[in-house]
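Novice: Structure incoming, see below.
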Amino acid sequence: MTALAPSAPSYDHGVAQTRLIGDTIGQAFDRTVARFPDREALVVAYQNVRWTWSELARRVDALAAGLLAIGLQPGDRIGIWAPNCSEWTLTQFATAKAGLILVNINPAYRRAELEYALNKVECKALVLAPALKTSDYLAIVNDLAPELAHSTPGALQSKALPHLRSIIRLGAAHTPGMLNFDDIGTRGGPAQQAQLAELAGSLQFDDPINIQFTSGTTGFPKGATLTHQNILNNGFYVAEAIRLTEQDRLCIPVPLYHCFGMVMGNLGCMTHGATMVYPADAFDPLSVLQTVQAERCTGLYGVPTMFIAELDHPEFSRFDLSSLRTGIMAGSPCPIEVMKRVQAQMNMHQVTIAYGMTETSPVSTQSSVDDPLERRVSTVGRVQPHIEVKIVDTQGRVVPRGTTGELCTRGYSVMRGYWNDDEKTRDAIDAAGWMHTGDLATMDDEGYVNIVGRLKDMVIRGGENVYPREIEEFLYRHPKVQDVQVVGVPDVKYGEELCAWVKLRDGQSATADEIREFCRGQIAHYKIPRHIRFVDGFPMTITGKVQKFVMRQETIEALGLVEQKTA
C-alpha cells in the first residue's frame, strides 16, 4: 500500500465485496437454519445443552409464539436479566422474530439500577434468572414489586413498576406471580404461529430490536437503541474479519448482555453457521480452558483481564489449546504484552483487536488476521466495511494523519438514538450523522487507528464502561458526604480501578469500608470504588472546574501505582 502524504486527512472508509445485509435477524436466522440444519448451533455444557440449528429453531419459534400468546406485541419492550445461558440465546432470537425489543439488563445491576432501566423504556415483560452468585434476583424483584405475591401471573399491577405485566423466571421452581420460562413455549397456538409467519414478511430491517444501557455522564444510564441492520451486519463483518465459517466453534465467555457476547458472538456465529459455545454462566478461567479443550474450539473471545486470568491460571499448561486459531480481544485497552502472549501461548495466531462502543453496534475498527504482528498488537486496526471514521479537533475539523483528535464514526452501525432522550441523542450524533465517541485517537498513513485516551473521564474497568458521574451522584446520597469526585486510576488486573475523593460534612468522620458498604447491594460491584481518599477539597481551575487529571496523577503517586502500556 502506498503511504499517504503527511498532510492527508484523518478520514477513512471501509470497503468490501459483500453488500450490507438487508434482512431482519429472523430472516437471516431462518436462512442459516436451512443451510446447516444438522450442524451444532449451541453448546452449553453446564446446562447439558447441545442443539443443532434445526433444534434451536424449533425452540426459538415456540418461544416466539408463546411470547405473543401472553399478550406481547411487536414494539413492546421485554427485559432479560440473566447470566450466559441457553435461555438468553432463545430469548434473543425469539424476540427478534416476534418484533419485540429486547432490553439487556446487566447481571450486576442492583435494585435502583433495575428499577430505573425497566421504567425508562417501559418494559412490559422481564425474563430473569433466580440468582447469580451473591445476587438474589427474585428477592430484589419482590422487594421492588411486593404486589407479585398476590398477582395472577402475567397480570402484575405494580406501583414501582407501572408498565411491567409479566415476569418470566428461569428454572423449574415456581414463584408466586411469575410465569415459568419453560412453559412459555407451550402457550402458542395456530393464531400465534400465523402471526409469526405474517411478521416474517412485515418486520423491517431498520426496526429497533435491542436496547442496551450505557452509563451516562449525567448520572443516569442511557438506552442505546439498535436495529436489526445495526447488529446483524456488525456481527457479520466482525466474524468476517476473523474468517469465521460453519466449521468454527467459538468459545464465548464474555457476557451476552453486552454487544461483545450477543452481537460479535451470537450474531457473528449465526450469520456464518458457526457453533456458539458458552463455558459457564459467568466468567471463570478454568471453565474456559476446559471448554476450549473439550469442545475443540477454534475461536475465543475475551477482554484483556479474561485472557490474563487464563494465561496465569496455575493449570494453564496442562490444557491442549491446539485447536484455537482466532479470536478477539476487545472491551478495554489491550496490553501489548498480553496480545503477544495470547498469540504465542494460546495458539491464537490470528487473534485480532476490535474497537467500538455500544452506540455503534459495537465495532468500528478491527485489525485483520493478515496484518503484521506489530500492527495487530499495537493498534485497533482499520475501519470496518461500510463504515466511515474521521478524527477531528475541538472545532470539528478533520486533523492531519498522525494528529490526536476525537474519533467519530458514521454508517449503518450508528444507533437509532437513546431511547426517549432526543437531547442526549443530539449531543452524541451530529447533524451530519457522525457519532462522537469521546475517545481520543490517531490515524497513521495506512489508516491504522490508535486509541490514545478519552475526551471525557470514562473509566474502563475490566471491560465495563463506568462513568464517574454516576457513582458520584449515588455517593451524594450518603448523609456524611458533602462532596465527592471519582477518577480512574491504573490497575494491573482490571486495567483501571475507581478512586473516590470524598469530602465529608463538617464534624463527620467515616471509614473507607463504611463508604463501600453504603454502595453494596445498591450499585453494581464494579462501580464500587476500590480506593477512597478523604480530602478537604479538590484541585480546581480559576473558573471553579475540578481538575480530574490532577487528582488522577496525585492518586497514582500517593498509592504507588504504575501506568500500563496499551495498544
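The values are calculated or read from the model by the stated rules, or taken from the named source; none is laboratory data. Here the structure is a predicted model, which means the values were calculated and not measured. Here Cβ is always computed from backbone atoms with ideal geometry, including for glycine, and neighbour counts include all displayed protein chains. To get the accessible areas, we keep the full protein, side chains included, count just its heavy atoms, and leave off ligands, DNA and RNA. Shrake-Rupley method; radii C 1.70, N 1.55, O 1.52, S 1.80 Å.
Novice: Could you work out what % of the accessible surface of the chain is carbon and sulfur, using a 1.4 angstrom probe and leaving DNA, RNA and ligands out of the count?
Specialist: Numbers: 11130 of 22360 Å².
Answer for the chain is 50 percent, counting heavy atoms of protein chains only.
Novice: Then there's this: Residues of the stretch 293-315 with the amide nitrogen closer than 17 Å to a label point 7 Å from the Cα of His349, along Cα-to-Cβ, please.
Specialist: Under cut-off, by backbone N: 298-300.
Novice: Let me ask you something else. Give me the one-decimal nm value for the distance between modelled label points at Thr404 and Asp483, 7 Å along each residue's Cα-to-Cβ direction.
Specialist: Between Thr404 and Asp483, the label points sit 2.7 nm apart.
Novice: Let me ask something else about it. Tell me which of Gln508, Gly188, Phe534 sits at the most positive position along the dipole axis of the chain, charges placed on C-beta atoms (Lys, Arg +1; Asp, Glu -1).
Specialist: Gly188
Novice: Looking at the square roots a ≥ b ≥ c of the eigenvalues of the Cα gyration tensor of the stretch 200-306, which shape do they give, rounded for a/c under 1.5, prolate if a/b is larger than b/c, or oblate? Provide the component values of the computation, followed by the final result.
Specialist: Details: a/c = 2.53, a/b = 1.29, b/c = 1.96.
Since a/c reaches 1.5 but b/c is at least a/b, the shape of the stretch 200-306 is classed as oblate.
Novice: Quick check: Cα centre of the stretch 402-480 to Cα centre of the stretch 228-247, how many Å?
Specialist: Comparing the Cα centres of the stretch 402-480 and the stretch 228-247, I get a distance of 24 Å.
Novice: Moving to a separate point now. Measuring from label point to label point, each 7 Å out along Cα→Cβ, what is the His13 to His525 span in nm?
Specialist: Simple spin-label model gives 4.6 nm for this pair.
Novice: In square nanometres and to one decimal, what's the mean projected area of the convex hull around the Cα atoms of the chain?
Specialist: Values: hull surface 106.4 nm².
If you wrap the Cα atoms of the chain in a convex hull and average its projections, you get 26.6 nm².
Novice: Apply 1/(1 + (r/R0)^6) to the Cβ-Cβ distance of Lys133 and Asn180, taking R0 = 25 Å, and write down the FRET efficiency to the nearest 0.05.
Specialist: 0.65
Novice: With +1 on each Lys and Arg Cβ and -1 on each Asp and Glu Cβ, and nothing else charged, work out how big the dipole of the stretch 408-469 is about its Cα centre, in Debye to the nearest 20.
Specialist: Working: 8 positive and 11 negative charges, 53 e Å.
Dipole of the stretch 408-469, to the nearest 20 debye: 260 debye.
Novice: Okay, moving on. On alpha-carbon atoms, Rg over Rh for the stretch 39-106 using Kirkwood Rh? Don't skip to the answer; put the middle values down first.
Specialist: Values: Rg = 12.2 Å, Rh = 12.4 Å.
On the Cα set of the stretch 39-106, Rg over Rh gives 0.98.
Novice: Do you know the relative contact order of the stretch 91-193, to the nearest whole percent, from alpha carbon pairs under 8 angstrom that are 6+ apart?
Specialist: 22 percent
Novice: Here is a follow-up. Please give the calculated 222 nm ellipticity per residue for the chain, where each DSSP H segment of at least 4 residues contributes -39500 (n - 2.57) and the sum is spread over every residue; nearest 500 deg cm²/dmol? Could the numbers behind the result be given before it?
Specialist: Numbers: 17 runs with 165 residues, N = 567.
Mean residue ellipticity, 222 nm, calculated: -8500 deg cm²/dmol.
Novice: With the contact rule set at Cα under 8 Å and sequence spacing of 6 or more, what percent relative contact order holds for the stretch 497-549? All intermediate terms of the calculation are to be shown ahead of the outcome.
Specialist: Values: 48 pairs, mean separation 24.7, N = 53.
With pairs under 8 Å counted, the relative contact order is 47 percent.
Novice: Return the subset of Lys124/Lys548; Lys97/Lys159; Lys97/Lys493; Lys133/Lys222; Lys133/Lys503; Lys424/Lys480 for which the Cα-Cα distance in this structure is over 29 Å, preserving the input order.
Specialist: Details: Lys124/Lys548 41 Å; Lys97/Lys159 31 Å; Lys97/Lys493 40 Å; Lys133/Lys222 26 Å; Lys133/Lys503 33 Å; Lys424/Lys480 32 Å.
With Cα atoms farther than 29 Å apart: Lys124/Lys548; Lys97/Lys159; Lys97/Lys493; Lys133/Lys503; Lys424/Lys480.
Novice: Where the only charges are on Cβ atoms (+1 Lys, Arg; -1 Asp, Glu), what is the dipole of the chain about its Cα centre, to the nearest 20 debye? Let's see the in-between values first.
Specialist: Values: 54 positive and 64 negative charges, 53 e Å.
Dipole size: approximately 260 debye.
Novice: Now, a different point. Using the basic label-point model (7 angstrom from Cα toward the beta carbon), what is the Lys493 to Leu373 distance in nanometres?
Specialist: 3.1 nm
Novice: Now a separate question. Given contacts defined as C-alpha pairs under 8 Å and at least six residues apart, what's the relative contact order of the chain, whole-number percent?
Specialist: Details: 1264 pairs, mean separation 79.9, N = 567.
So the answer I get is 14 percent.
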